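The values are calculated or read from the model by the stated rules, or taken from the named source; none is laboratory data. Nothing here was measured: the structure is a model prediction, and the numbers come from that model. Note that each Cβ is placed from the backbone with ideal geometry, even for glycine, and that neighbours are counted across all protein chains shown.
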Amino acid sequence: MQLFSITGLFWQGFFLNSLKAQLSFVGKICPKLNVTHWIRPINESRNPKLTVIEFWATWCASSTAVIPHMNQLVDKFGDTVNFISLSNEKKQKVQHFLKNSEIKSAIAIDRSLTTNNNFEISYIPQTFIVNEAGIVIWQGNSKGLTDSVLTAAIHGNLPASL
């Protein structure tokens with residue numbers, strides 16, 4: 001029985017630490033992005049209200065599974081939101097992946113892992129919404145980024161919660 005209790009405490013602590021990590025940047029200034037290469041740069045001629053930054057990888061099944069969802073968000077909100085998909089993989093690997101998979105967002109690479117470290121990335125896909133003031137207003141798994149979350153964020157009605 002005691003082993004179960006210790007195991008239960010371990011998993012409870014693991015869950016709480018994961019929950020804390022999910023909210024670690026909400027309400028704070030967005031960490032610096034370090035892009036070593038743009039495969040598809042952001043459109044600098046637009047003045048978006050928000051920027052969505054998604055950390056992903058070609059080898060990650062969860063990342064590739066969420067691509068259609070993220071593409072739908074780009075289609076719906078791309079006029080008012082910048083979408084950046086950021087990988088730390090080699091440029092050639094991402095370009096090869098893109099021959100068979102369409103990603104509609106801007107695509108950036110940071111081979112130095114500086115951006116991953118700045119954002120304390122511990123899992124992917126992980127997504128952040130950053131407002132015009134440079135403040136992180138939402139953070140979570142890319143699947144959790146919904147139409148209603150983005151609509152609320154665009155209108156400034158996004159509470160700082162999960």
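I'd like the full set of residues that are among the aromatic types (Phe, Trp, Tyr) and within 24 Å of residue 157 (Cβ to Cβ), limited to segment 20-65. Explain how you work it out, then say what you get.
Within segment 20-65, the first condition is being among the aromatic types (Phe, Trp, Tyr), and the residues that meet it are 25, 38, 55-56, 59.
Within segment 20-65, just 25 meets the criteria.
List pairs: first in segment 25-42 and among the aromatic types (Phe, Trp, Tyr), second surrounded by 15 or more Cβ atoms within 10 Å (Cβ to Cβ) and outside any loop (DSSP other than H, G, I, E, B), Cβ under 8 Å, 6+ apart or cross-chain?
Going by the 8 Å Cβ cut-off, the qualifying pairs are 25/128; 25/136; 25/139; 38/106; 38/107; 38/108; 38/109.
Quick check on segment 66-110: of everything there that is of a type in the set (Gly, Ala, Ser) and under 28 Å from residue 155 (Cβ atoms), which residue is surrounded by the most Cβ atoms within 10 Å (Cβ to Cβ)?
Looking at residues that are of a type in the set (Gly, Ala, Ser) and under 28 Å from residue 155 (Cβ atoms), I get 85.
Would you confirm, using the coordinates I've provided, whether residue 65 is modelled with pLDDT of 75 or more, farther than 21 Å from residue 139 by Cβ, under 17 Å from the mean Cα position of the chain (by Cα) and among the hydrophobic types (A, V, I, L, M, F, W, C)? Before the answer, list the steps.
Values: modelled with pLDDT of 75 or more: yes; farther than 21 Å from residue 139 by Cβ: no; under 17 Å from the mean Cα position of the chain (by Cα): yes; among the hydrophobic types (A, V, I, L, M, F, W, C): yes.
Answer is no for this residue.
Need the failing condition index for residue 76 against (1) within 13 Å of the chain's Cα centre (by Cα); (2) more than 21 Å from residue 33 (Cα to Cα), just the number.
Only one criterion is unmet by residue 76, namely (1).
What single numbered condition from (1) over 17 Å from residue 82 (Cα atoms); (2) without any contact (Cβ under 8 Å) to a residue 12 or more places away in the chain fails to hold for residue 146?
If we test residue 146 against (1) over 17 Å from residue 82 (Cα atoms); (2) without any contact (Cβ under 8 Å) to a residue 12 or more places away in the chain, just (1) comes out false.
Cβ-Cβ distance below 7 Å, separation of 6 or more or different chains: which pairs start in segment 73-102 with a residue that is without any contact (Cβ under 8 Å) to a residue 12 or more places away in the chain and under 24 Å from residue 117 (Cβ atoms) and end on one that is charged (D, E, K, R) and crowded, with 18+ Cβ neighbours inside 10 Å?
none
Does residue 127 satisfy the criteria of being under 11 Å from the mean Cα position of the chain (by Cα), within 18 Å of residue 63 (Cα to Cα) and among the polar types (S, T, N, Q)?
Values: under 11 Å from the mean Cα position of the chain (by Cα): yes; within 18 Å of residue 63 (Cα to Cα): yes; among the polar types (S, T, N, Q): yes.
So residue 127 fits the description; yes.
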